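So the structure is just underneath, and the comments pick up after that.
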Amino acid sequence: MSSLCLPDSLTPLLMHVEPLLAAADKYQLGEQVSVDWSESETVDIQFEERQFSLVFNPDGADITGYKVLDQWIAPYPSVSEMQQLVAQKPNLIVSGLPTEKGCIDIWHHNGEARAVYCHHAGASEPQRAMLMVALALDFPLEDAVTLARAHARGYMESHMDGYGETGWPMSRELFPRALTANHPEAEDLGWTCKEAAVEPFAATDPAKLALYPVVDSAEWVERLLDLGVATTQLRIKDENDSTLEAQIKQVIAAGKAHQAQVYLNDHWQLAVEHKAYGVHLGQEDLDTADLVAIQQAGLRLGLSTHGYYEILRAAEFSPSYIALGHIFPTTTKEMPSKPQGVNRLALYHKLIGEAFPTVAIGGIDLSRAEKVWRTGVNGIAVVRAVTQAEDPKAALDDFNQLLVRHEPAKDATDAE
Ligand SMILES: Cc1ncc(COP(=O)(O)OP(=O)(O)O)c(N)n1
Ligand SMILES: Cc1nc(C(=O)O)sc1CCOP(=O)(O)O
Ligand SMILES: [Mg+2]
């Protein structure tokens, strides 16, 4: 349970806040949020163990909490000026800054500025309402900003032609694009990117994804391939493992012999050198890995994501699949983010649609697999459910029985 306390001046936003909370409730996107009134001029968001505030366009005085600038008077500041400012100010959110062809939202992330960009800003009150609601539902800031823009656009569309989304934004067209080097307007906008632009990655076979065990030795990879697994990943986290390169060569050869999709986690240089089938990288790796070298070598690329913004950012690199995690609590890895749950997973899968194959990961065992599979994801990645199974072969058989796509029942009139 959390509470969202609004100052009197924001009372008109209630007509936007309440339908959004109802939609979040309907799709079970988070804990319940109660709406209250704030004594101060700030929006106060309170969870059991912490609280923070939000203030729109404060004049001068330093406040604790997020400071949102969303009212702009020409001449507008430049994008590069705002990028630098936000990089220095962790609590500053630049919202809907007008640009020549559209608008940009900028926020702070680990010492730098991140942004989403789109051509039509949408309506400002729904945008503010979604920002507050998403934060009160405990979405991370980058997802709250992204959702706010999508909702502002959906609201505007629905009011222009009577269609569109007044509820929770779902369709890809409403969402802004993450601003990366792959965006054709990044340079003209004056946005500085650390990464290089990259062409789309080679395709992976989604039909071979269904069960995707992630294991920590070449011995495990070979054992799984012998048991008929079609996609697997070697994930060795010990940088000092003296057998690393030998194991990598072993799994690449085994994968080729079995015509299987064997991904390597992290070690993209060795993957390129030894011509692996594919590489799996996390979000932080995107800042350092040479994606162009991986793409030009013809390797497939899987990317980890943990929410709306990371999905939009991953999509910009046109990877071979997008992993969505972590769905349930896991003990395999310490996670900085919260478990997403199946309902958010379903929305993420819908957002990605047919654009890229999707893989769900994190805390998935046989008892949870069916619910996850029903969201429509193309693959389910598991560590413990296979490596800690008493009988791994039986575990694979059980998963394989479950992870089958049934064709929709044919109407009798289709028969002839
Ligand atoms: C299929 C799949 N999804 C996600 C991950 C996690 O990758 P990453 O974020 O790089 O974290 P580490 O695995 O390196 O700890 C994965 N490995 N596979
Ligand atoms: C390696 C990994 N990456 C995750 C992510 O969310 O990015 S979750 C995860 C561990 C998954 O292990 P298990 O199936 O044992 O819960
Ligand atoms: Mg990794």
* How many of the residues making up region 204-220 are under 19 Å from K333 (Cβ atoms) and part of a helix (DSSP H, G or I)? -> 1
* To do: Collect the residues in region 21-43 that are in a helix (DSSP H, G or I) and open to solvent by 50 Å² or more (accessible area, probe 1.4 Å), keeping them in residue-number order.
  => A22, D25, K26
* Asked: Between residues in region 375-389 that are under 14 Å from L402 (Cβ atoms) and assigned by TED's automatic domain parsing to the domain that holds G325 and residues that are within 11 Å of ligand 2 (Cβ to nearest atom) and open to solvent by 30 Å² or more (accessible area, probe 1.4 Å), which pairs lie under 7 Å by C-beta distance while being six or more apart or on different chains?
  -> A385/D365
* Structure fact -> Over region 228-247, the set of residues surrounded by fewer than 15 Cβ atoms within 10 Å (Cβ to Cβ) and either over 16 Å from L281 (Cα atoms) or in contact with a helix residue (DSSP H, G or I) (Cβ under 7 Å, 6 or more places away or on another chain) (or both) is G228, N240, D241, S242, T243, E245, A246
* What number goes with the only condition from (1) within 16 Å of ligand 3 (Cβ to nearest atom); (2) within 26 Å of F175 (Cα to Cα) that V372 does not pass? -> (1)
* Within region 319-347, which residues are more than 11 Å from the chain's Cα centre (by Cα) and polar (S, T, N, Q)? -> S320, T330, T331, T332, S337, N343
* To do: Just need a number here: residues in region 292-330 that are open to solvent by 30 Å² or more (accessible area, probe 1.4 Å) and within 14 Å of ligand 3 (Cβ to nearest atom).
  => 1
* Inside region 237-261, can you point out the residues that are touching a Lys or Arg at 6+ places or on another chain (Cβ under 9 Å) and within 16 Å of ligand 2 (Cβ to nearest atom)? -> K237
* **Selected residue [of a type outside the set (V, I, T), part of a helix (DSSP H, G or I) and more than 15 Å from ligand 1 (Cβ to nearest atom)] from A314, A271, A254** => A254
* Structure fact -> When region 281-305 is checked residue by residue, the ones that are within 15 Å of ligand 2 (Cβ to nearest atom) and without any contact (Cβ under 8 Å) to a residue 60 or more places away in the chain are L281, G282, Q283, E284, D285, L303, S304, T305
* Positions within region 55-84 being closer than 15 Å to G96 by Cβ, among the β-branched types (V, I, T) and free of Cβ contacts under 8 Å to residues at least 60 places away in the same chain, in sequence order -> I73
* **Residue list for region 331-345, filter: charged (D, E, K, R) and either open to solvent by less than 10 Å² (accessible area, probe 1.4 Å) or within 21 Å of S171 (Cβ to Cβ) (or both)** => R344
* **Members of region 102-134 found to be among the aliphatic types (A, V, I, L, M) and either more than 16 Å from the chain's Cα centre (by Cα) or closer than 20 Å to S158 by Cβ (or both), listed by number** => I104, I106, A113, A121, A123, A129, M130, L131, M132, V133, A134
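Residues are listed down the side, and each one gets a yes or a no for (1) open to solvent by 80 Å² or more (accessible area, probe 1.4 Å); (2) within 30 Å of A293 (Cα to Cα); (3) assigned to a loop (DSSP other than H, G, I, E, B):
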| position | (1), (2), (3) |
| --- | --- |
| A152 | no, no, no |
| M170 | no, no, yes |
| K194 | yes, yes, yes |
| V198 | no, yes, yes |
| A202 | no, yes, yes |
* If E185 passes every condition in (1) surrounded by fewer than 18 Cβ atoms within 10 Å (Cβ to Cβ); (2) touching a strand residue (DSSP E or B) at 6+ places or on another chain (Cβ under 9 Å); (3) within 23 Å of G302 (Cβ to Cβ) but one, which one does it miss? -> (3)
* Report yes if some residue within region 111-129 is closer than 19 Å to L351 by Cβ and in a helix (DSSP H, G or I); otherwise report no. => yes
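The values are calculated or read from the model by the stated rules, or taken from the named source; none is laboratory data. Computed from a prediction, not measured in an experiment: that's the story for all the values here. Glycine also receives a Cβ, built like all others from the backbone with ideal geometry; neighbour counts cover every protein chain displayed. For the accessible areas, the whole protein counts, side chains as well, though only heavy atoms, and no ligand, DNA or RNA atoms are used. Shrake-Rupley method; radii C 1.70, N 1.55, O 1.52, S 1.80 Å.
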